[in-house]
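Here the structure is laid out as structure tokens; the discussion comes afterwards.
The values are calculated or read from the model by the stated rules, or taken from the named source; none is laboratory data. This is a predicted model, so every value here is computed, not measured. Using ideal geometry, Cβ is built from the backbone for each residue, glycine included, and neighbour counts are taken over all protein chains shown. Surface areas here come from the heavy atoms of the whole protein model, side chains and all, with no ligands, DNA or RNA. Shrake-Rupley method; radii C 1.70, N 1.55, O 1.52, S 1.80 Å.
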Amino acid sequence: MKKILIAEDSSTMRSLLVATIESLGGYLVSEAASGFEALRLLPREPVDLIITDINMPDINGLELVSFVRGSENYRHIPLFIISTEGSERDREKGLALGANEYLVKPFDPARLQELIKQYTA
Ligand SMILES: [Mg+2]
């Protein structure tokens, strides 16, 4: 089983992401309701992919990306941003910080599934 960590403060969006991932089969999902919770979960078990929102209370998604890419232990982990912020500037910022993919909500489940398979192959 591959492990995916989701950082998303909206429980509705989290459920949607979990359902999209679990319907692929072969993936276990850890859910964090904030950036801070994601940082707390990261050391607990190795993960194969991180998917993060940007707008969250406490630590936001861009700060999470910076932390992960700056950390010797986690910098190799593929990371996707999924955000309501769809401007080219936000996208460039996310990718410049080291996110591998930047998807805009509402996301296309089939596209997300393809990317997950690609990055965890
Ligand atoms: Mg949010």
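Here are a few things to note about the model shown:
- Pairs where the first residue, in the range 80-107, is among the hydroxyl-bearing types (Ser, Thr, Tyr) and the second is in a strand (DSSP E or B), C-beta under 6 Å, 6+ apart: 102/81
- The lone exception for residue 11 - which of (1) within 13 Å of the ligand (Cβ to nearest atom); (2) of a type in the set (Gly, Ala, Ser); (3) surrounded by 17 or more Cβ atoms within 10 Å (Cβ to Cβ) it fails: (3)
- Residue count, the range 82-121 (criterion: farther than 18 Å from residue 21 by Cβ, part of a helix (DSSP H, G or I) and charged (D, E, K, R)): 6
This table checks each residue for (1) of a type outside the set (A, V, I, L, M); (2) within 18 Å of residue 99 (Cβ to Cβ).
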| position | (1), (2) |
| --- | --- |
| 14 | yes, no |
| 18 | no, no |
| 24 | no, no |
| 40 | yes, no |
| 44 | yes, no |
| 48 | yes, yes |
| 53 | yes, yes |
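- Test result for residue 72, assigned to a loop (DSSP other than H, G, I, E, B), more than 13 Å from the chain's Cα centre (by Cα) and free of Cβ contacts under 8 Å to residues at least 12 places away in the same chain: yes
- Residue pairs whose Cβ atoms lie under 7 Å apart, sitting 6 or more positions apart in sequence or on different chains, and linking a residue in the range 1-20 that is free of Cβ contacts under 8 Å to residues at least 40 places away in the same chain to a partner that is open to solvent by 40 Å² or more (accessible area, probe 1.4 Å) and within 14 Å of the ligand (Cβ to nearest atom), are 14/31; 18/31.
- Selection of the range 108-120 for residues being under 26 Å from residue 66 (Cβ atoms) and either open to solvent by 60 Å² or more (accessible area, probe 1.4 Å) or modelled with pLDDT under 95 (or both) yields 111, 118, 119.
- Candidates 81, 54: the one that is within 16 Å of the ligand (Cβ to nearest atom), open to solvent by less than 30 Å² (accessible area, probe 1.4 Å) and more than 18 Å from residue 116 (Cα to Cα) is 54.
- Residue 70 open to solvent by less than 70 Å² (accessible area, probe 1.4 Å) and within 16 Å of the ligand (Cβ to nearest atom): no
- Taking each residue of the range 40-57 that is acidic (Asp, Glu) and looking for partners that are away from the ligand (no atom under 16 Å from the Cβ) and modelled with pLDDT of 95 or more with beta-carbon atoms closer than 7 Å, six or more apart or interchain, yields 45/3; 48/2; 48/3; 48/4; 48/120.
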